[in-house]
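Asks: Handing you this structure, nothing more for now.
The values are calculated or read from the model by the stated rules, or taken from the named source; none is laboratory data. Source: prediction; values computed, not measured. Here Cβ is always computed from backbone atoms with ideal geometry, including for glycine, and neighbour counts include all displayed protein chains. The accessibility values were calculated without ligands, DNA or RNA, using every heavy atom of the protein model including side chains. Shrake-Rupley method; radii C 1.70, N 1.55, O 1.52, S 1.80 Å.
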Amino acid sequence: MKTPLPSGDELVLTLATLANPHRLRVVAVLAGGRKYVSQLARDMGISRALLQVHLKKLEAAGLVSAQMEISPDGKAMKFYEVTPFAVHLTPESIAAVVPEMTGAGTARAGDEKGTV
């Protein structure tokens, strides 16, 4: 089965989201299985606050998903897992999606326009 090409905007969002070493590490850790957010922070050696920022960006891009569960002692626990994805980039696949790009998501707050 052939994976459908993402839209140009989806491709920009995915690549921009993955262009961060912390987010790549989150995906790598979650590739081993779902994790409770506090355990994930401990495994990665970063604060929960910083981890939450990266998880929100990954979730917004559709690369991870979250599920809230209640532990036997009544504590709310948020688990994250990787959403299966594949990005196969070729010059031809990029050329196929660029014409449909709307420009949404290509400029983020703090980015300099026109720079690569």
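Asks: Before I look further, what does the chain give for accessible area per residue, probe 1.4 Å, in whole square angstrom?
Replies: Working: 7700 Å² over 116 residues.
Heavy-atom accessible area per residue stands at 66 Å².
Asks: Right, next: Per the Kirkwood treatment, what hydrodynamic radius in Å, one decimal, follows for the chain from the mean inverse distance over all distinct Cα pairs?
Replies: Numbers: mean 1/r = 0.0630 Å⁻¹.
Hydrodynamic radius (Kirkwood, Cα only) of the chain equals 15.9 Å.
Asks: So which trypsin sites (Lys or Arg not before Pro) in segment 1-53 end up in coil per DSSP with only 10 or fewer other C-beta atoms within 10 Å?
Replies: Numbers: sites: Lys2, Arg23, Arg25, Arg34, Lys35, Arg42, Arg48; in loops: Lys2, Arg34.
For trypsin sites (Lys or Arg not before Pro) across segment 1-53 that sit outside H, G, I, E and B with at most 10 neighbouring Cβ atoms in 10 Å, the list reads Lys2.
Asks: What residues have an amide H closer than 5 Å to that of Val64, excluding those fewer than 5 places away on the same chain, when H is modeled at 1.01 Å from N in the peptide plane?
Replies: Counting only residues 5 or more places away or on other chains, the set is Glu59, Thr83.
Asks: Among Leu58, Asn20, Ala76, pick out the residue whose Cα is farthest towards the positive end of the charge dipole of the chain, where Lys and Arg carry +1 and Asp and Glu carry -1 on C-beta, about the Cα centre.
Replies: Going by the charge dipole, the pick is Ala76.
Asks: I'd like the carbon and sulfur percentage of the solvent accessible area for the chain, probe radius 1.4 Å, heavy atoms only, ligands and nucleic acids excluded. Could you put the intermediate results ahead of the total?
Replies: Values: 4540 of 7700 Å².
Taking all protein chains in place, the chain shows 59 percent carbon and sulfur surface.
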